Amino acid sequence: MNLRTEKSNWLDTLPNPRSFPPLEEDLSCDVLIIGGGISGLLAARELMNRGIKPVLVDKRSVAGGSSSANTGLIQYSSDKSLVSCINTFGEEGGVRFYKLCQEGIGQLKAICDKLSLDPEFRLRDSLYYASCPEDVSSLQEEYEALSRFGFPVRYLDEADVASRYSFRKSAALLCQGDAEVNPFRITHALAQSAAENGMRIYELTEIRHHKADDTCIRLYTDRGKCITAQYALFAAGYETQEMKRNANAQIISSYAIATQPLDAFPGWPDRCLIWETARPYLYVRTTVDNRIVAGGMDEATADPEERDRQLPLKKKRLIAEVQKLFPELPPLRAEYGWAAAFGETHDGLPMIGEQLGFPRCYFTMGYGGNGSLYSLIAARINADLIEGKPNPDAALFRIDRPTKTPAMQKN
Ligand SMILES: Cc1cc2nc3c(=O)[nH]c(=O)nc-3n(C[C@H](O)[C@H](O)[C@H](O)COP(=O)(O)OP(=O)(O)OC[C@H]3O[C@@H](n4cnc5c(N)ncnc54)[C@H](O)[C@@H]3O)c2cc1C
């Protein structure tokens, strides 16, 4: 799958990342992880913490997939509102999903604090504004639901927004305790840490097929090597759909830009993360090197040619939208602009765990805008399943859960 076109700003923040050799011999291990993105590396960390010895392979390089296209917003609110999650999954399931994401931010911070390569993790509040006056009532409803279940959130009316920010919006929610990260650096930092702790990583090593029996699973690489493992953990990102298409998943296209570095951010208190109620939504953040990263303008196409044709226009439109929010900023330029495949699910939840027809295999499909947090949730669930321990959250995210057709979904 063609995952990304043109380079994101993150790659230049780590110009010479550590590289790993291709696999040139047969080997055996406890768990083979397929995928060196953030999902595979968070899974590796969790398994190693439990005394399990994984080996990791990637057909590209570490962070060479969607993890380098990621814009690094870490939020407890998902693309699907809490109100909508409660409607779809019931109060227990909907609130649990949001709580897992909220707890995940603290867990990710604890992991980042221990990494020797700085992943540029910063706690940030998120401003979620009403894109039009008609969205104010649903924003109020969301505020009430978030407050009722103890999520840290403030309601800002039109005057509050105008007094703090350089733009006017009818209302907004200020969600506290979210974060930002550099997705390329965190993935490499996790790889570096895992390698230092003895995990073997092989780049340019593709798993082509596999065969499981009662005792083990054998996975075969593009160079004809065989890896024998107790279990396989597929953290292969959106390309998992090429292995087995799931009706709940859809691959679309998304766009992002990074501006030139700026001296100051007038009208943008605390450099909070910003997004909106419209779907698809525009989202904006700043970086440690003082750029603005903005993204959105999703298109419902999985065709990379069609996706890339639109990239020049999308860059211009993203820049124009940011400039409209912050008119006091100097003229903005897109020093970076990229287009990427983006995976989401129709019901709004990631898909994690076992899959019919794939014995000894576990899957992480952290599809959705909060994919990094979903990878963290998946790391725990899959590690429990591999250890044969019950996990109370596994049922919520199981891959074969019943889902409604898209036309029946309530967003
Ligand atoms: C434009 C954009 C913006 C985003 N913004 C955010 C955001 O702000 N916050 C957030 O949390 N998430 C965001 N996401 C989502 C996030 O990028 C993904 O959830 C995350 O990168 C998925 O990581 P992954 O490790 O599962 O996949 P990947 O990073 O794609 O890693 C999978 C790896 O598996 C390898 N692989 C695949 N098949 C094989 C095989 N057969 N053999 C060997 N290796 C294989 C690939 O080469 C790849 O490196 C965004 C995504 C996009 C596209």
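Coordinate-derived values only; no laboratory data. This one's a predicted model, so the numbers in the text were calculated from it and none came from an experiment. Reconstructed Cβ throughout: ideal geometry from the backbone, glycine too, with neighbour counts over all protein chains shown.
The table that follows gives values for the structure above.
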{"item": "Label-point separation in nm, Cys226 to Lys53, each point 7 Å along Cα→Cβ", "result": "2.0 nm"}
{"item": "Efficiency of FRET from Cβ geometry, Thr215 and Asp289, R₀ 51 Å, rounded to 0.05", "result": "0.50"}
{"item": "Sequence-distant aspartates and glutamates (8 or more away, or on other chains) whose Cα lies within less than 18 Å of Lys315", "result": "Glu6, Asp298, Glu299, Glu305, Glu306, Glu335"}
{"item": "Cross-link partners of Lys389 among lysines (Cα-Cα below 18 Å; sequence separation of 8 or more within a chain)", "result": "Lys53"}
{"item": "Unit charges at the beta carbon, dipole of the chain: most positive-side option, Cys272, Ile52, Gln250", "result": "Ile52"}
{"item": "Reachable lysines from Lys80, criterion Cα separation under 19 angstrom, eight or more residues apart if same chain", "result": "Lys99, Lys404, Lys410"}
{"item": "Inverse mean reciprocal Cα-Cα distance (Kirkwood Rh) of the chain, Å", "result": "21.7 Å"}
{"item": "Above-threshold pairs, the threshold being 23 Å between Cα atoms, out of Lys7/Lys314; Lys59/Lys225; Lys59/Lys109; Lys7/Lys59", "result": "Lys59/Lys109"}
{"item": "Span from the segment 290-325 Cα centroid across to the segment 179-241 one, whole angstrom", "result": "31 Å"}
{"item": "For segment 88-140, with +1 on Lys and Arg beta carbons and -1 on Asp and Glu, the positive-most of Gly104, Pro119, Cys132 along the dipole", "result": "Pro119"}
{"item": "Antiparallel DSSP beta bridges within the chain, percent to nearest 5", "result": "70 percent"}
{"item": "Approximate spin-label separation Asn2-Glu321, in nm, with each point projected 7 Å along Cα-to-Cβ", "result": "2.3 nm"}
{"item": "Loop-located chymotrypsin sites (Phe, Trp or Tyr not before Pro) in segment 202-238, at most 11 other Cβ atoms within 10 Å (DSSP)", "result": "none"}
{"item": "Restricting segment 124-189 to trypsin sites (Lys or Arg not before Pro) in coil, as DSSP defines it, with at most 12 other Cβ within 10 Å", "result": "Arg168"}
